[in-house]
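K.L.:
Dropping a structure here in structure tokens format, bear with me for questions.
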Amino acid sequence: MADVALKGVTRSFGDKRAVDGLDLHIADGEFVVLLGPTGAGKTTTLRLIAGLEKPDAGTVEIGGRPMNGESAAGRDVAFVFQQYSLYPHLTVYENLAFPLRSPARRMDKASLDARVRQVAKMVRIDHKLENRSTRLSGGEMQRVAIGRALVRRPSIYLMDEPLSSLDAKLRGELRLELKRIQKELGATLLYVTHDQIEAMTMADRIGILAEGRLVQIGTPREIYANPANLHVAARLGQPHINLMPADLLPGVAAPAGTRTIGARTEHLEISRARQGSAGLGPDGNAEVDWIEHLGDQNHLHIKVGGHKLVTLADPDLPVEAGDRISVRLKQPLYFGGDGQRLA
Ligand SMILES: Nc1ncnc2c1ncn2[C@@H]1O[C@H](COP(=O)(O)OP(=O)(O)O)[C@@H](O)[C@H]1O
Ligand SMILES: [Mg+2]
């Protein structure tokens, strides 16, 4: 495999800067996930690396080689598109073999067969090799589409939200498999998604993309625990991070300049208010608005002053809607007036 470097890559469509001065280095064998909402520039970034789009400025290097003059075919990348596009008239076997049949490869029959079967096993579709690709479930089709990228040994794999059309259970399974396969192959992989769980579970590093710019890049842990600003903080965490004025809750000494406090579940300490302390003093400063039961956990919706907070709670926490509770902050995140994180 190879490393990939983007330096100041910019691409506009009309007045719209789809990708705006993007600097990004993906190390050899690294799994990088770009996380961003629709329109953030994810697909355009992949297309620029693949050579399907030309940058207005900046360079793309693969394995240290500048790619500016290189055609898509000459770039040695494998692309898995958001909408799987299999050859419907071909079997699973032939779909997987297709990328290996190009005359330029001159692969002998035995090694081609061995490669197809190895990859089919990897993506767990080896029991359906003789099926027409139209006779597969959505999850199976996407396995074939991923397998078709994997039969080649390109410099880099590019994957554009490949799991987004699948149901939750399959997404969960394929997430794990993709991570396992990437490790096994030592593959360099750039994966883009709007799904924070995919980013958190698969990435060696997550890049947060907003309006064509890389806002922050780091390990999932770093991005989650040390977001550079409000935008990044809001991208990760379920339930969504609670944003509140600095003086809403006790338990902190906010640094000078704090405009907003960000509190995730782990930053909120919840306890039942003392009997008879209804609404008075630091005990009983909040009220349970309602409880959403998720099975193994509950979402606790809380009212404090005019604000609403949501936090995860143990289903055994003995509270119900209408109860007074006490909520304190515990090492939350502080943000200034410009939305940047304060130390
Ligand atoms: N071929 C195109 N023509 C015009 N605008 C485009 C084209 N491709 C992308 N864009 C615009 O560029 C922005 C980024 O698009 P895209 O890279 O597809 O984002 P994402 O994949 O993150 O949803 C969007 O505003 C989109 O409308
Ligand atoms: Mg896209």
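K.L.:
Would you say SER85 is within 16 Å of ligand 2 (Cβ to nearest atom) and surrounded by fewer than 20 Cβ atoms within 10 Å (Cβ to Cβ)?
P.N.:
Yes, satisfied.
K.L.:
Out of SER155, SER165, I need the residue that is at pLDDT below 95 and within 16 Å of ligand 1 (Cβ to nearest atom). Which one?
P.N.:
SER165
K.L.:
Can you name every residue in the stretch 293-343 that is part of a strand (DSSP E or B), over 19 Å from THR260 (Cβ atoms) and open to solvent by less than 70 Å² (accessible area, probe 1.4 Å)?
P.N.:
ASN298, HIS299, LEU300, HIS301, LEU312, ALA313, ILE325, SER326
K.L.:
Is it the case that some residue within the stretch 118-133 is out of contact with any helix residue (DSSP H, G or I) (no Cβ under 8 Å at 6 or more places or on another chain) and open to solvent by less than 80 Å² (accessible area, probe 1.4 Å)?
P.N.:
No.
K.L.:
So which residues in the stretch 89-110 are in contact (Cβ under 8 Å) with a residue 40 or more places away in the chain and exposed (fewer than 11 other Cβ atoms within 10 Å of the Cβ), if there are any at all?
P.N.:
HIS89
K.L.:
Report, ordered by the first and then the second residue, all pairs with beta carbons closer than 6 Å, sequence separation of six or more or different chains, a first member in the stretch 142-163 that is closer than 17 Å to ALA114 by Cα and assigned by TED's automatic domain parsing to the domain that holds ALA50, and a second member that is modelled with pLDDT of 90 or more and within 16 Å of ligand 2 (Cβ to nearest atom).
P.N.:
If the second residue must be modelled with pLDDT of 90 or more and within 16 Å of ligand 2 (Cβ to nearest atom), the pairs left are ALA149/VAL80.
K.L.:
Follow-up question, since we're still on this one. Here is a list: ALA57, ALA18, ALA2, ALA50. Which entry is within 14 Å of ligand 2 (Cβ to nearest atom) and touching a Gly at 6+ places or on another chain (Cβ under 7 Å)?
P.N.:
So the residue among ALA57, ALA18, ALA2, ALA50 that is within 14 Å of ligand 2 (Cβ to nearest atom) and touching a Gly at 6+ places or on another chain (Cβ under 7 Å) is ALA18.
The values are calculated or read from the model by the stated rules, or taken from the named source; none is laboratory data. Since this is a predicted model, take the numbers as computed values, not measurements. Note: ideal-geometry Cβ built from the backbone for every residue, glycine included; neighbour counts use all protein chains shown. For accessibility, only protein heavy atoms count, side chains too; no ligands or nucleic acids. Shrake-Rupley method; radii C 1.70, N 1.55, O 1.52, S 1.80 Å.
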